[in-house]
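What follows is a single structure, written as structure tokens, with notes after it.
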Amino acid sequence: MADPHELTALEQWQALQSREISPSELTEHYLGRIDKFNPALGAFVTVTADAARARARFVEERMPRTAPLWGLPFADKDLYLRAGVHAGFGSRLFDGYVPDQSDDLVQALDDAGGVSLGKTNTPEFGLASYTESLAAPPARTPWNLALGAGGSSGGAAVAVAARLLPFAPGSDGGGSIRIPAAACGLVGLKPSRGRVPAASGIDKLGGLPVGGPLARTVADAALLLDAMIAPRDGHPDHHYALRAPGDETPLLAAAVRGEGRFQLGVMTTSAWDNDYSIAIAPEAQAALDLAVAGFAALHHGLEETALKPDASYVPAFRTIWQAGAAGIPAETEAEIALLEPLTQWLLARGRALGARDLAEALAALTAFERSFIHQLSKFDAVLTPAMALTPRPVGWYDADDAEANFAQQVQYTPFTSMINVSGLPAIVLPVHQTDDGLPMGVQLIGRPGGEATLLALGAQLERRIRWQDRVPPEPA
């Protein structure tokens, strides 16, 4: 058998099932890689080696092999609580905090038979689209260590791209799975609002953040997503009456088969265009052109489309972003001083908002959701660039001027947040590699509940392009 990290997650699962390798052996293999390569990459902020070894033995001895992730390693994003493990939220404010209860998504992945190896790096409270906090070293894309991994699931993406994990869960409130997937050359899937019961977005302000997978292949992403949706016995444990439309059959089949012909829109406009200067870099356009050519060769219908201007989107989204920071538990001057400048700005702006401001912003985003879904309804999926620019250098974002920082984030990631507002599924596919060896991706936006279509399309393009064969250099 090849070295385990050279196999896809699905192949590793098959090796576990056939007893070619045990959960303990697989765990030990990845712990060795983390110990060797993480210092240069900044993927992990906490490694729980002893707990992982004990967990692997428990899975071997006590859990049925039918568990959907039986024996497969993963790691928790450091925005999620795991009982007994330090939870830092990317912030100096939570230095030393150890919770005594686990979050729903953490418990779901345990129920699915996974083995957590630790906590992955994230920006402060997941608020930024880059992973460069003052609480930990920056997360760097393994394709070029001078460049950042994106955020907020930056550490998770680095760990998967550098083969420190077979796949990893992330969360996405404005692009936080898809941005680092693009920067690290991965498949990143943001599910529909309500799709993943343990991280549905239904209980969050504006319904923006949801949990989803980061993986090297489309099938690996589907394997993890299925386990997140239904960790026990194939039946989702929905917490709320509201849920994503569509059936709840396993999505791995759609990713493996990769069947169907679809009508695709091609779009380069975004909800930010009226208020910010958005320029699509040649590398981003090249990725889009490559995907268009690939889908055309696969005989899908393709038609250019564009969003109608909406002057309410930008102020409404900014209001919700700021309001989301208002509840950060920093009350005294000393506590606020521990926060980073961007977070302090968001906290102050959020706490200055009135009830009317919040109500009007929520109403505007609900109206945008309805309009956005209607505008794209003629298509089975809509293709956009993943990012407008190449991966950004570490230290590129303004650390002092919050408005300038926000503009930089928008200019890099104009195509992501509108998908969270609309509650739609979207997948990033790493179709292109630049002359400098950097990954560049495209995004496919699906219909409500349309994850199976996105996975089928992704699988077809993956078979054609073979991005899974690209391997970043190992850090010296």
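For this structure, a couple of remarks:
- Area accessible to solvent at Lys36, 1.4 Å probe radius, in Å²: 140 Å²
- In the chain, the DSSP-assigned H stretches of four residues or longer account for a calculated mean residue ellipticity at 222 nm of -11500 deg cm²/dmol, using -39500 (n - 2.57) per stretch and the full residue count as denominator.
- Distance cut-off 16 Å, percentage of C-alpha pairs in the range 37-116 lying past it: 55 percent
- Three-way shape call for the range 203-315 based on the alpha-carbon gyration tensor, with the a/c threshold at 1.5: oblate
- The trypsin sites (Lys or Arg not before Pro) of the range 377-476 meeting both criteria, a DSSP state outside H, G, I, E and B (loop) and at most 16 other C-beta atoms within 10 angstrom of the site's C-beta, are Lys378, Arg466, Arg470.
- For the chain: rounded, prolate or oblate by the Cα gyration tensor [a/c cutoff 1.5]: rounded
- Size estimate for the range 252-314 follows the Kirkwood approach: the inverse of mean 1/r over distinct Cα pairs works out to 14.1 Å.
- Heavy-atom accessible surface of the chain, averaged per residue, reaches 37 Å², computed with a 1.4 Å probe.
- The mean sequence distance of close C-alpha pairs (under 8 Å, at least 6 residues apart), as a share of the length of the chain, puts its relative contact order at 17 percent.
- Note on surface exposure: Glu333, Glu25, Glu132 rank Glu333, Glu25, Glu132 by accessible area, highest first, 1.4 Å probe.
- Share antiparallel - DSSP beta bridges, the chain, percent rounded to 5: 70 percent
- Calculated FRET value between Ala54 and Thr249, using beta carbons and R₀ = 30 Å, to 0.05: 0.30
- Compactness of the range 342-476 - radius of gyration and Dmax, Cα, Å: 18.4, 54
- Area accessible to solvent at Arg349, 1.4 Å probe radius, in Å²: 100 Å²
- Sequence of Met418, Met1 from largest to smallest accessible area, 1.4 Å probe: Met1, Met418
- If you count Lys pairs in the chain whose Cα atoms are under 19 Å apart, skipping same-chain pairs closer than 8 places in sequence, the total is 6.
- Relative to the Cα centre, the charge distribution of the range 364-432, modelled as +1 at Lys and Arg Cβ and -1 at Asp and Glu Cβ, gives a dipole magnitude of about 360 debye.
- Under DSSP loop assignment and at most 12 Cβ neighbours within 10 Å, longest chymotrypsin sites (Phe, Trp or Tyr not before Pro)-free interval of the chain: 241-476
- Split the accessible area of the chain by element, probe 1.4 Å, and carbon with sulfur accounts for 51%.
- Other residues whose C-beta falls under 9 angstrom from the C-beta of His239 contribute a net charge of -3, scoring Lys and Arg +1 and Asp and Glu -1.
- The separation of the range 398-464 from the range 246-267, counted between C-alpha centres, amounts to 17 Å.
The values are calculated or read from the model by the stated rules, or taken from the named source; none is laboratory data. Since the model is a prediction, treat every value here as computed from it, not as a measurement. Cβ sites come from the backbone with ideal geometry, for glycine too, and all protein chains shown count toward neighbours. Side chains included, ligands, DNA and RNA excluded: accessible areas come from the protein's heavy atoms. Shrake-Rupley method; radii C 1.70, N 1.55, O 1.52, S 1.80 Å.
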